[in-house]
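These notes are about the structure you will find just below.
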Amino acid sequence: MARVRHLAKGAVGIPVLAVLLSSCLGVRYDYISHTTAGGGDTYLKIPQGWTVYDQSQIYGGKQSRVSRAQLSQIESVSWTDIFTPNGSRVFNPKLGFGSNVPVGVVDAVELTGSTRQNFSLASLRTLILPTDPLGASSGGYHYKVTAYKEFTRASGFRGSSMTVRITPPSGPVSVLTQDAVVDAGTNWVYFVGVGCSAKCFSSYQSSISTIVNSWNVKAEK
């Protein structure tokens, strides 16, 4: 299956006017785009200078137990990039939404079998979180959904936007904001999420909003 990943300034699909305005205002971005085997095109922008880790870095570190064959199998049904302003060239598997710097993830995953049959809008709320934050809290974690809306987009994409305040059993409170959609045929699910400690989230609010609001998915023509 053809897999395409591109990270570059001025990537195709980003309006030229937005690029010009960003340049004039002194705000510069890098652009991430990807086409899945199912034909869905994903793109978003992140502040220039942030570090992006692809699947080979995420799963293929020195301590990784994932073989090349297993990595190829993963890449045939999913795509994931993780991004953060921490600047390290080596992916840290301990990065999480409780970090003191923003951590973002953008991905696309093929749905098969029972997962596809049972997939619903509620499933979008547990793509990252272990339980539905609109339900009862569990495992000592408390979730407070501070913003939530469901929507339908062109080409039959249906999805939701959500911001959640996460209070763990111990440690700092964190905040996660995410957008997620599933295609009309319930074949592929697409997700972007950015989170960090509540203090960090407040400091990076503008950048985080820009990232999530820039994310878009288009179906195969």
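Quick note: the coordinates plus some simple rules give every number you see, no bench work behind them. Since the model is a prediction, treat every value here as computed from it, not as a measurement. Cβ sites come from the backbone with ideal geometry, for glycine too, and all protein chains shown count toward neighbours.
For segment 69-221, what relative contact order do you get, as a whole percent, if you take Cα pairs closer than 8 Å and at least 6 residues apart?
For segment 69-221, the relative contact order is 24 percent.
Which of 80, 50, 203 sits closest to the plus end of the dipole of segment 4-218, meaning its Cα is farthest towards the positive end, when Lys and Arg get +1 and Asp and Glu get -1 on the C-beta?
Positive-end residue among those listed: 203.
Sequence neighbours fewer than 8 away in the same chain don't count; with that in mind, list the aspartates and glutamates whose C-alpha is under 15 Å from residue 218.
The qualifying aspartates and glutamates are 41, 107, 179, 183.
For segment 4-218, take N as its residue count and report Rg(C-alpha) divided by 2.2 N^0.38 Å.
Cα-based Rg divided by the globular estimate yields 1.01.
Please compute one quarter of the surface area of the Cα convex hull for segment 58-149 and express it in square nanometres.
About 8.3 nm², averaged over all directions.
Suppose we keep just the alpha-carbon trace of segment 132-221; what are its Rg and Dmax in angstrom?
Cα-based Rg and Dmax for segment 132-221 come out at 14.7, 48 Å.
Can you figure out the FRET efficiency of residue 56 with residue 213, using R₀ = 30 Å and their beta-carbon distance, to the nearest 0.05?
So, using R0 = 30 Å, E works out to roughly 0.60.
Considering only the other residues whose Cβ falls under 12 Å of the Cβ of residue 186, what net charge follows from Lys and Arg at +1 and Asp and Glu at -1?
0
If I model a spin label at residue 92 and residue 155 as a point 7 Å from the Cα along the Cα→Cβ vector, what separation in nanometres do I get?
3.6
Sort 126-134, 85-93, 44-52 by packing, meaning the average of other beta carbons within 10 Å per residue, with the highest value first.
Peptide ranking by packing, descending: 44-52, 126-134, 85-93.
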